[in-house]
Every structure is written in C-alpha cells, then in structure tokens.
Amino acid sequence: MSRYDSLLINRLRIGHSRLTHSHILCGDDPPICQLCGLPVSVRHNLVKCVGLWDISTKYFTVSSVAELFQSVGNSIIIRYIKEAHFYHQL
C-alpha cells in the first residue's frame with residue numbers, strides 16, 4: 001500500500017479528511033453532497049450516501065464505518081474511494 005493510501009485509510013478511520021473538514025480552516029460552509037444533498041462526512045461517503053449505493057454494494061455491504069474497517073480490507077476500501085471519485089479529495 002502506498003504512503004498516500006495509508007494516510008487516507010488512517011484519516012477515514014478517525015473520521016477526518018480534507019473533504020470533510022477543510023471548510024473549518026477556510027471559514028466556509030460545510031460541504032453538501034452533490035448526489036443527495038446531505039452534509040458530507042466520512043460516514044456519509046463510505047456507508048450512507050444513496051447516490052453511491054450502486055458503487056458501494058459492489059465492494060461491501062456494511063451498516064457502519066466501524067463494521068467497514070473490521071470486515072473489509074484496506075485495498076477494497078481504496079478501490080471504492082477511487083471509483084466513487086473521492087480519492088484525491090480526501
């Protein structure tokens with residue numbers, strides 16, 4: 001696994017990423033998901049967004065982020081993130 005992939009997995013595990021928290025440093029409004037209109041969060045992007053349902057079910061079927069990291073390998077999570085087009089945003 002590349003250094004960037006390891007960093008990304010660790011950010012996702014703690015629930016903080018550039019996509020979900022950069023608005024705090026910039027003084028902007030929290031980001032809104034363009035697919036479903038709900039606030040963006042790590043939990044939302046990984047397991048809750050209905051706009052990403054087709055992609056996520058291709059890689060895993062979990063109901064929580066904790067379950068995701070316990071039962072799904074890091075390489076599969078990275079493949080999902082890439083296909084969902086979040087890889088360079090997180």
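A quick yes/no check of all residues on (1) free of Cβ contacts under 8 Å to residues at least 60 places away in the same chain; (2) of a type outside the set (Phe, Trp, Tyr); (3) farther than 14 Å from residue 15 by Cα:
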{"residue": "41", "(1), (2), (3)": "yes, yes, no"}
{"residue": "55", "(1), (2), (3)": "yes, yes, yes"}
{"residue": "59", "(1), (2), (3)": "yes, no, yes"}
{"residue": "64", "(1), (2), (3)": "yes, yes, no"}
{"residue": "75", "(1), (2), (3)": "no, yes, yes"}
{"residue": "78", "(1), (2), (3)": "no, yes, yes"}
{"residue": "87", "(1), (2), (3)": "no, no, yes"}
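Could you say whether any residue in the stretch 75-82 is among the aliphatic types (A, V, I, L, M) and touching a Phe, Trp or Tyr at 6+ places or on another chain (Cβ under 6 Å)? Steps first, answer last, please.
Filtering the stretch 75-82 for residues among the aliphatic types (A, V, I, L, M) gives 76-78, 81.
Then keep just the ones that are touching a Phe, Trp or Tyr at 6+ places or on another chain (Cβ under 6 Å); that gives 76, 81.
Yes, the conditions are met somewhere in the stretch 75-82.
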Worksheet item: Would you pick out the residues in the stretch 31-90 that are in contact with a helix residue (DSSP H, G or I) (Cβ under 9 Å, 6 or more places away or on another chain), aliphatic (A, V, I, L, M) and assigned to a helix (DSSP H, G or I)?
Response: 42, 46, 47, 52, 55, 65, 68, 76, 77, 78, 81
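For the stretch 17-47: of the residues being small (Gly, Ala, Ser) and over 14 Å from the mean Cα position of the chain (by Cα), which is modelled with the highest pLDDT? Don't jump to the end; show me each part of the working.
Taking the stretch 17-47 as the starting set, the residues that turn out to be small (Gly, Ala, Ser) are 17, 22, 27, 37, 41.
Filter again for over 14 Å from the mean Cα position of the chain (by Cα), leaving 22, 27, 37.
Values: 22: 77, 27: 83, 37: 91.
Once the filter is applied, the top-ranked residue is 37.
The values are calculated or read from the model by the stated rules, or taken from the named source; none is laboratory data. No experiment lies behind these values; they were computed from the predicted model shown. Quick reminder, even Gly has a Cβ in these numbers, built from the backbone with ideal geometry, and neighbours come from all protein chains shown.
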